[in-house]
Amino acid sequence: GSNVLEETCLTRSLVGALVSYKILQKLDFGVCRLSLSVPLDMNYSGVMCLKNARIATSYPHLLKRYFDEKGISFKPFVLNGSVEVAHNSGLADAICDLVSTGATLEANGLREVETIYHSRACLISREEESMDVEKKKVIHKLLNRIQGVIKARESKYIMLHIKKNKLNKITDLLKGAEQPTILELSGNKSKVALHMVSSETV
């Protein structure tokens, strides 16, 4: 996910290491968010409530960036997995973890209060300057296929019979459409069959 990429980039930057990869394509699955969550019984009125709090997370650098932007100090407690149990175990005052539905938080007596990063699955690559020609070709071929699948999912194939004098109105309504195919109808001179691919939601 892009959250892992961003955390890795921040980690490498802090130690002066080269960040030599990039996002080629964001994908339409693995959608989640990195959020701050607090106990259900906490009287939370804003992020300042977490000043100097101990916060458990698997993403310490993303969390630090968020709090630095707010000018608020906190105490990070790094856990690799099962972050949601940190509060009930007495290890932390709050947590910062990935959230999809929120069911796991609720099961552990927590509630989501702040979103600090939106994430989804993505295709990443090293910078092209560090790759040979054959690897570049394979990556470009893979990327084209993925983008083709995404475009196909978003497209609709439309077929209808329509009066000839209404053609312009229909094509104007479907701004994301390619030029339509127009076919004459047997025995009906006033109408035509229209076939078109549209990326509009219809």
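The values are calculated or read from the model by the stated rules, or taken from the named source; none is laboratory data. As the structure is a computational prediction, the values presented were derived from the model and not from experiment. In this analysis, Cβ positions are derived from the backbone assuming ideal geometry, glycine residues included, and neighbour counts consider all displayed protein chains.
One table, with the values for the structure above:
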read-out	value
Meets criteria (exposed (fewer than 15 other Cβ atoms within 10 Å of the Cβ) and under 30 Å from L143 (Cα atoms)) for D28	yes
Hey, S155 out of contact with any Pro (no Cβ under 7 Å at 6 or more places or on another chain), more than 22 Å from L62 (Cβ to Cβ), of a type in the set (S, T, Y) and in contact (Cβ under 8 Å) with a residue 24 or more places away in the chain or not	yes
Criterion violated by V38 - all others in (1) over 13 Å from V113 (Cα atoms); (2) crowded, with 18+ Cβ neighbours inside 10 Å; (3) over 21 Å from the mean Cα position of the chain (by Cα) satisfied	(1)
Meets criteria (exposed (fewer than 13 other Cβ atoms within 10 Å of the Cβ), of a type outside the set (G, A, S) and either more than 30 Å from P76 (Cβ to Cβ) or more than 21 Å from the chain's Cα centre (by Cα) (or both)) for K156	no
Boolean, L110 is over 24 Å from T8 (Cα atoms), touching a His at 6+ places or on another chain (Cβ under 7 Å) and modelled with pLDDT of 90 or more	yes
Pick from the stretch 92-143, criterion among the hydroxyl-bearing types (S, T, Y) and either in contact with a helix residue (DSSP H, G or I) (Cβ under 8 Å, 6 or more places away or on another chain) or closer than 12 Å to L36 by Cβ (or both), ranking: surrounded by the fewest Cβ atoms within 10 Å (Cβ to Cβ)	T115
Residues (more than 25 Å from the chain's Cα centre (by Cα) and among the small types (G, A, S)) located in the stretch 68-106	G71, S73, A86, S89, G90, A92
Hey, H61 crowded, with 18+ Cβ neighbours inside 10 Å and in a helix (DSSP H, G or I) or not	yes
Answer from S20, S35, S58 - the residue that is touching a residue at least 60 places away in the same chain (Cβ under 8 Å) and either closer than 13 Å to N3 by Cα or of a type in the set (A, V, I, L, M, F, W, C) (or both)	S35
When residues of the stretch 1-29 are limited to those that are in a helix (DSSP H, G or I) and charged (D, E, K, R), the one farthest from E127 (Cα to Cα)	E7
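Matching residues to (1) over 19 Å from Y21 (Cα atoms); (2) not in a helix (DSSP H, G or I):
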position	(1), (2)
L98	yes, yes
T101	yes, yes
T104	yes, no
V113	yes, yes
I124	no, yes
V138	no, no
L142	no, no
K151	yes, no
I170	yes, no
